[in-house]
Amino acid sequence: MLNIEAALPRQRDIEEAEPWSPENIEEFISEDEIASRVGELAWSIAEDYRMMGAGPDDPVHFVGVLKGVVPFMADLMRAMPADVPVSVDFLAISSYGPQTRNAGGVRVLKDLDTPITGKHVLLVEDVVDTGLTLAYLLKLLRARQPKSLRVCTLLDRESVRLLDMRLHYVGFPIPDQFVVGYGLDYHQLYRNLPYIGVLKRPGDVPVPQF
């Protein structure tokens, strides 16, 4: 049986590698699969927040982490039913490199525009891996005393997790691979792809389909 994690390029390997051409991007999660899963997540989120009393006077406040989360957050917002209102804000943080990924170094580049005290806050991420950055953000947001604080991530790279933490809503679990598309980038490129693809070197084995 093919070892998926051995076959796919790891995040840290990509960070040290040469640029890829579009021909070396192999589709991993299709546009249709993303759309279907986003709809399922929106339904689950709406059900939970109805039970928590969300409504016109108490909307669910989506907090997105720029930049990779933009397409996911926009689609998730549009998929939310009309009876569960949503408000939106964004944080921007420093991108991790080979060192900060393991050290948990985070610098806030853009803070929230509005206070979150007393609000139902849903932190929306594109990818969660080690959990170090997420832990920092949750600590930052909890200190502002929201009514509730939950996490939704499009992708969960659990195999590299360093901290045990709860992710309330997960789109897709993925192995330790470097993915692009649907907001995710390599040197700021490929964010516009409608699917999620794997970057691979010439000569790499094909990405398993499952």
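The values are calculated or read from the model by the stated rules, or taken from the named source; none is laboratory data. All values derive from a computational prediction rather than experimental measurement. Note: ideal-geometry Cβ built from the backbone for every residue, glycine included; neighbour counts use all protein chains shown.
With the structure loaded, tell me whether Lys119 is surrounded by fewer than 18 Cβ atoms within 10 Å (Cβ to Cβ), modelled with pLDDT of 95 or more and of a type in the set (Lys, Arg) or whether it fails that test. Answer is no for this residue. Search segment 117-131 for residues that are closer than 18 Å to Asp164 by Cα and pair each with any residue that is in a strand (DSSP E or B) and among the hydroxyl-bearing types (Ser, Thr, Tyr) when their beta-carbon atoms are under 6 Å apart and the residues are at least 6 apart or on different chains. Partner pairs satisfying both residue conditions: Glu125/Thr153; Val128/Thr153.
Within segment 35-59, the residues that satisfy the criterion of being within 16 Å of Phe72 (Cα to Cα) and of a type outside the set (A, V, I, L, M) are Ser36, Arg37, Gly39, Glu40, Trp43, Ser44. Within segment 140-165, residues that are touching a residue at least 60 places away in the same chain (Cβ under 8 Å) reach partners that are among the acidic types (Asp, Glu) and part of a strand (DSSP E or B) with beta carbons closer than 6 Å, at six or more positions or on different chains, in the pairs Leu154/Asp126.
Listed here are the residues, each with its yes/no results for (1) of a type in the set (Gly, Ala, Ser); (2) more than 15 Å from the chain's Cα centre (by Cα); (3) modelled with pLDDT of 95 or more.
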| site | (1), (2), (3) |
| --- | --- |
| Gly171 | yes, no, yes |
| Phe178 | no, no, no |
| Gln188 | no, yes, no |
| Tyr195 | no, no, yes |
| Gln209 | no, yes, no |
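For the structure I just gave you, tell me whether Ile29 is surrounded by 15 or more Cβ atoms within 10 Å (Cβ to Cβ), modelled with pLDDT under 90 and among the β-branched types (Val, Ile, Thr).
Numbers: surrounded by 15 or more Cβ atoms within 10 Å (Cβ to Cβ): yes; modelled with pLDDT under 90: no; among the β-branched types (Val, Ile, Thr): yes.
Taking the combined requirement at face value, the residue does not satisfy it.
Residues of segment 59-80 that are crowded, with 17+ Cβ neighbours inside 10 Å and in a strand (DSSP E or B): Val60, His61, Phe62, Val63, Gly64, Val65.
So which residues in segment 152-185 are assigned to a strand (DSSP E or B), within 19 Å of Ala92 (Cβ to Cβ) and in contact with a helix residue (DSSP H, G or I) (Cβ under 7 Å, 6 or more places away or on another chain)? Across segment 152-185, the qualifying residues are Cys152, Leu154.
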